[in-house]
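Visitor: Pasting a structure here, questions to come.
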């Protein structure tokens with residue numbers, strides 16, 4: 001990702017080039033004799049730009065560069081409204097959502113933002129669709145087992161999608177199947193990406209859905225989950241535990257979610 005360019009005056013410009021078709025965030029560090037610089041930068045898809053510059057007096061010695069990179073945009077505000085992640089007319093019951101006085105099993109002290117995930121219950125094998133257009137940056141379909149024990153943590157099937165504003169959506173506990181989407185594949189809102197299951201750390205079959213963005217902690221990147229607004233095609237809402245929702249593709253709000 002990093003490219004060093006020395007100018008005619010002897011100074012040095014450090015370029016970073018995002019060669020991916022999605023936005024990324026990066027922390028670039030430069031160290032050397034008398035040099036200790038760090039910067040956080042956000043890159044559009046395929047963008048190349050100067051991230052650090054050094055005067056000739058700084059650049060006479062050896063300078064080493066390192067970079068930490070994360071999918072998505074640390075500056076994203078998540079103002080987008082997501083469609084329901086199910087096909088038309090499929091009813092899904094919200095079994096856990098945020099705003100439940102932190103009673104959700106998603107909530108952890110180490111990562112309070114984890115409470116923003118939503119669990120949907122529907123029949124086993126129900127088709128799961130992308131809630132928003134984007135690019136697939138991760139997927140897994142080969143797991144067959146799930147349990148509510150530590151040994152099943154990080155073992156489930158999932159799809160992870162990055163969106164144009166640098167937010168990411170995750171669909172977890174998917175049923176074992178042949179791969180449906182693959183790395184760096186573009187998807188549209190409503191495209192099939194998997195089937196509802198119970199793989200990984202799960203007490204039963206359901207869809208775990210969450211939206212987040214990368215966050216720099218000072219030492220590494222992590223995902224910060226964000227509160228999500230959904231639409232059923234006719235109204236915008238925040239999912240409530242115990243409520244049942246379905247999606248209508250001919251609803252009056254559909255134009256707002258048909259992002260290119």
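What follows is calculated from the coordinates using simple rules that are stated; it is not laboratory data. The shown structure was predicted, so the numbers you read here are calculated from the model rather than taken from an experiment. Heads up, the Cβs are rebuilt from the backbone with ideal geometry, glycines too, and the neighbour counts pull from every protein chain shown.
Visitor: For residue 31 and residue 191, FRET efficiency with R0 = 51 Å and r from the beta-carbon atoms, rounded to 0.05?
Guide: Details: r = 44 Å, r/R0 = 0.87.
FRET efficiency, residue 191 to residue 31: 0.70.
Visitor: Can you give the extra length, in nm with one decimal, that the chain gains between residue 236 and residue 215 once fully stretched, where that is 0.36 nm per residue apart less the Cα-Cα distance? Write down the numbers at each step before the final one.
Guide: Values: separation 21, 0.36 × 21 = 7.56 nm, distance 2.69 nm.
Going from the current span to full extension adds 4.9 nm.
Visitor: Still on this model: Can you say what percent of the DSSP beta bridges in region 108-230, counting only those with both residues inside, are antiparallel? Round to 5. Show your work: numbers first, answer last.
Guide: Numbers: 31 of 33 bridges.
Antiparallel bridges: around 95 percent, rounded to the nearest 5.
Visitor: In nm, give the distance between the simple-model label positions of residue 229 and residue 81, each being 7 Å from the Cα along the Cα-to-Cβ direction.
Guide: Each label point is offset 7 Å from its Cα along the Cβ direction, giving 0.7 nm.
Visitor: At a Förster radius of 41 Å, what calculated FRET efficiency corresponds to the Cβ-Cβ distance of residue 93 and residue 48, to the nearest 0.05?
Guide: Values: r = 47 Å, r/R0 = 1.15.
For residue 93 and residue 48, the calculated efficiency is 0.30.
Visitor: Could you order the peptides 73-82, 201-210 from most to least packed, using the average number of other C-beta atoms within 10 Å per residue? Display every interim value, and only then the final one.
Guide: Working: 73-82: 17.2, 201-210: 19.5.
Taking the mean over residues of other Cβ atoms within 10 Å, the ranking is 201-210, 73-82.
Visitor: Additional query: Which value results when the Cα radius of gyration for region 129-260 is divided by 2.2 N^0.38 Å?
Guide: Numbers: Rg = 15.4 Å, N = 132, 2.2 N^0.38 = 14.1 Å.
Compared with the compact-globule rule of thumb, region 129-260 sits at 1.09.
Visitor: Once label points are set 7 Å from the Cα along Cα→Cβ at both residue 183 and residue 19, what is their separation, rounded to one decimal in nm?
Guide: About 1.3 nm separates the two model spin labels.
Visitor: On to the next question. For the pair residue 154 and residue 244, how long in nm is the line joining their label points, each one 7 Å along Cα→Cβ?
Guide: Output for this residue pair reads 3.8 nm.
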